[in-house]
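Read-outs: derived from the displayed coordinates by stated rules, not from any lab. For clarity, every value in this text was computed on a predicted model and none was experimentally measured. Note that each Cβ is placed from the backbone with ideal geometry, even for glycine, and that neighbours are counted across all protein chains shown.
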Amino acid sequence: MAKLSLSFKGRPIAVHHFDESSGIITIGRDSTCTLVIDSLAIAPIHAKIIASPSGNQIIAMANEAPTLVNNHPITEQLLSHGDIIQLGKHTLTFAEDGQTFGPLTTTTTAVKSRIFKPPSTAPNINTQHNDRAGLNGISDEELAAVEQQSQLKTCVQVVNGNHFGKVISIEGGLTRLGVVGLASAAIARRKDGYFLSHLEGSKPPCINGVSIKEHSQQLFDGDNIQIGNVRMIFHHRRSTTPSQIAVDG
């Protein structure tokens, strides 16, 4: 069994489960698609996934609307556990249910973790299964309203595995992320922004698919971070000014 976890700007929307007997899974704006995304940025039939015992292959179907896997444009590609498919401002995280990773842990008291829940005034979004009921009729504007009302500070949101949807606020001068003893990194807040650094583990973290090696690298809103097997998106909420950062940090 495999699943596609749909998000809009890092906010979980729905999860679509399928297996090798599912055949062809179509993704797009058209109501006949297996997985419908109601957005003008999405083509009527944007992409399709061919599920088979030998693997799950994604094929781009729209020349005018690119399909990216892990930030790289593709025409077709065999999917692997943890791959992030980007369609406009939406992302689909591919996961094989049998794959797991250790719990995401933090080692500073400044970090608070929570699962994002839409406010009571937000549209009714199905976050469990997608039989098209949780997606039809939800526009980009309504999803943007959910994001605005959430009032999150600068944070990272996990987009794969058992911790999918977990939001971790980036507060204080230094926030440690990862699994102690296996793979961990730190996000430091400086006067000129937020920077990611490698702490432990044989493989340094990646930003947008590129290893930071042993250097500190600045983060920008929407960056994809990978620490070990854990993938997350960095969200920079510009609620503080540089002068405030200098005082607080």
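Note on Asp38 and Leu182: the extension gain reaches 47.9 nm, defined as 0.36 nm multiplied by sequence separation minus the Cα-Cα distance. So what's the net charge close to Thr91: Lys and Arg +1, Asp and Glu -1, counting the other residues with Cβ under 12 Å from its Cβ? Net local charge, Thr91 excluded: +3. Spacing of the modelled spin labels on Glu214 and Glu20, each 7 Å from Cα toward Cβ, amounts to 4.4 nm. Taking 13 Å as the cut-off, the amide N atoms of the range 178-211 that come nearer than this to a point 7 Å along the Cα-to-beta-carbon line of His236 belong to 188-196.
Given the pairs Lys3/Lys153; Lys9/Lys153; Lys3/Lys89, which span a C-alpha to C-alpha distance of over 22 angstrom in this model?
On the way: Lys3/Lys153 29 Å; Lys9/Lys153 14 Å; Lys3/Lys89 19 Å.
As for pairs spanning more than 22 Å Cα to Cα, those are Lys3/Lys153.
Charge tally for Pro66 (other residues, Cβ to Cβ under 14 Å; Lys, Arg +1; Asp, Glu -1): -1.
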